[in-house]
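As structure tokens, the structure follows; a few thoughts come after it.
The values are calculated or read from the model by the stated rules, or taken from the named source; none is laboratory data. Every value quoted in this text rests on a predicted model; they were computed, and no experiment measured them. Backbone-built Cβ (ideal geometry, glycine too); neighbour counts: all protein chains shown.
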Amino acid sequence: MAKIIDGKKISAQIKDELKEEVAKLKEEGTEITLAVIQVGNDPASTVYVRNKKKACEYIGIRSVSYELEESTTEEELIELIEELNNRDDVNGILVQLPVPKHINEDAVIKAISPLKDVDGFHPQSVGALSIGQKGYVSCTPAGIIQLLKRSDIDIEGKECVIIGRSNIVGKPMALLMLRENATVTICHSRTKDLKEVTKRADILIAAVGKPKMITKDYVKEGAVVIDVGIHRLEEGLCGDVDFDDVEPVCSAITPVPGGVGPMTIAMLMYNCVNSRKINETELK
């Protein structure tokens, strides 16, 4: 019987730790502020933004939100970002993605100051991660590291296979696993004999974007399986992993929902609170 890695429980622990830290900062006269920008009214984005605001409220982080019309131009959005970059009372800036098609996502990410890039998407943040310097780390991969560590799963010396090479999950995940001394393989749509590669994994991380693609045929007996995917099907939410098929053969597995998902917001909050240290030392 596989151990179910409980992302809700672990994310709650992290948020409680951050709540204590924020209370101490307030006693010292310091307030942490996150600016959240949403362009348009995509329903999924609205849910994510609401959850981020709730997390801020729970931890004691002040949030200022900007709900912009779908018709907002790229210039107007970047002007707002630059204004927030220059505000001393704003520690972090988050633009909820995706943005409408007429706005260049890459330009928006680059417009956010690396000092306030709490999503960890700015090229400078990614560069710092790749050469082992401190800085903001993309929230989902950072959350997966916490899931493993707080579940007492050893990473050092283990063979880790990541399915997916996105800039948001796959690539930073590989760098973080290397930082923890794992041996890392990244697979993608052009990988030959995918099942043969994934069956070598002690830790298998699925970020492929296809519902229930990963069955037990991809998984080594006793492996740890981390499911990054989330898909809304008629029968409910599921991940990239066929949970019922894989759970009997692995030693530990994350469920969907309640696995990786809650960790992403917890690590965003961590980045906000950590912004003080990054601003004071690393990036100046």
- Task: Answer with yes or no whether residue 282 is at pLDDT below 95 and more than 22 Å from residue 96 (Cβ to Cβ).
- Result: yes
- Query: Of (1) within 17 Å of residue 161 (Cβ to Cβ); (2) buried (at least 24 other Cβ atoms within 10 Å of the Cβ); (3) not basic (Lys, Arg), residue 209 satisfies all except one. Which?
  - Reply: (2)
- Report, by residue number, each residue of the range 10-33 that is touching a residue at least 60 places away in the same chain (Cβ under 8 Å), polar (S, T, N, Q) and outside any loop (DSSP other than H, G, I, E, B). 11, 13
- Message: Whether any residue in the range 100-110 is under 28 Å from residue 255 (Cβ atoms) and in contact with a Phe, Trp or Tyr (Cβ under 7 Å, 6 or more places away or on another chain) is what I want to check.
- Response: no
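Got at least one residue in the range 167-175 being outside the structural domain of residue 109 (by TED's automatic domain parsing), exposed (fewer than 14 other Cβ atoms within 10 Å of the Cβ), in a loop (DSSP other than H, G, I, E, B) and out of contact with any Cys (no Cβ under 7 Å at 6 or more places or on another chain)?
Residues of the range 167-175 outside the structural domain of residue 109 (by TED's automatic domain parsing): 167-175.
After this cut, where a residue has to be exposed (fewer than 14 other Cβ atoms within 10 Å of the Cβ) as well, the list is 167.
From what is left, the residues that are in a loop (DSSP other than H, G, I, E, B) are 167.
If we keep only those that are out of contact with any Cys (no Cβ under 7 Å at 6 or more places or on another chain) as well, we get 167.
Taking every residue of the range 167-175 in turn, at least one turns out to be outside the structural domain of residue 109 (by TED's automatic domain parsing), exposed (fewer than 14 other Cβ atoms within 10 Å of the Cβ), in a loop (DSSP other than H, G, I, E, B) and out of contact with any Cys (no Cβ under 7 Å at 6 or more places or on another chain).
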- Message: Here's a check for you: in the range 230-248, which residue that is touching a residue at least 60 places away in the same chain (Cβ under 8 Å) and acidic (Asp, Glu) is farthest from residue 207 (Cα to Cα)?
- Response: 247
- Which residues, counting only those in the range 46-79, are closer than 21 Å to residue 31 by Cβ and among the hydrophobic types (A, V, I, L, M, F, W, C)? 49, 55, 56, 59, 61, 64
- Note on the structure: Restricting the range 137-184 to residues that are touching a strand residue (DSSP E or B) at 6+ places or on another chain (Cβ under 8 Å) and among the hydroxyl-bearing types (Ser, Thr, Tyr), the one farthest from residue 198 (Cα to Cα) turns out to be 151
- From 24, 9, 19, grab the single residue that is within 10 Å of residue 59 (Cβ to Cβ) and at pLDDT 95 or above. 19
- Item | The one condition in (1) touching a residue at least 24 places away in the same chain (Cβ under 8 Å); (2) under 17 Å from the mean Cα position of the chain (by Cα); (3) outside any helix (DSSP H, G or I) that residue 146 fails to fulfil | (3)
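From the residues in the range 185-206 that are surrounded by fewer than 20 Cβ atoms within 10 Å (Cβ to Cβ) and of a type in the set (Val, Ile, Thr), which one is farthest from residue 253 (Cα to Cα)?
My answer is 191.
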- Query: Is there any pair with a first residue in the range 74-87 that is in the same structural domain as residue 105 (by TED's automatic domain parsing) and assigned to a helix (DSSP H, G or I) and a second that is of a type in the set (Ser, Thr, Tyr) and at pLDDT 95 or above whose Cβ atoms are under 6 Å apart and which are 6 or more apart or on different chains, and what are they?
  - Reply: 85/113
- Query: For residue 112, are the conditions met, namely being out of contact with any Gly (no Cβ under 6 Å at 6 or more places or on another chain), within 19 Å of residue 263 (Cβ to Cβ), crowded, with 19+ Cβ neighbours inside 10 Å and among the aliphatic types (A, V, I, L, M)?
  - Reply: no
- Task: Could you tell me which residue of the range 34-64 is surrounded by the most Cβ atoms within 10 Å (Cβ to Cβ), considering only residues that are at pLDDT 95 or above and among the small types (Gly, Ala, Ser)?
- Result: 35
- Query: Any idea which of 256, 208, 225 is assigned to a loop (DSSP other than H, G, I, E, B), under 22 Å from residue 1 (Cβ atoms) and among the aliphatic types (A, V, I, L, M)?
  - Reply: 256
- Item | Conditions (1) modelled with pLDDT of 95 or more; (2) touching a helix residue (DSSP H, G or I) at 6+ places or on another chain (Cβ under 6 Å): number failed by residue 76 | (2)
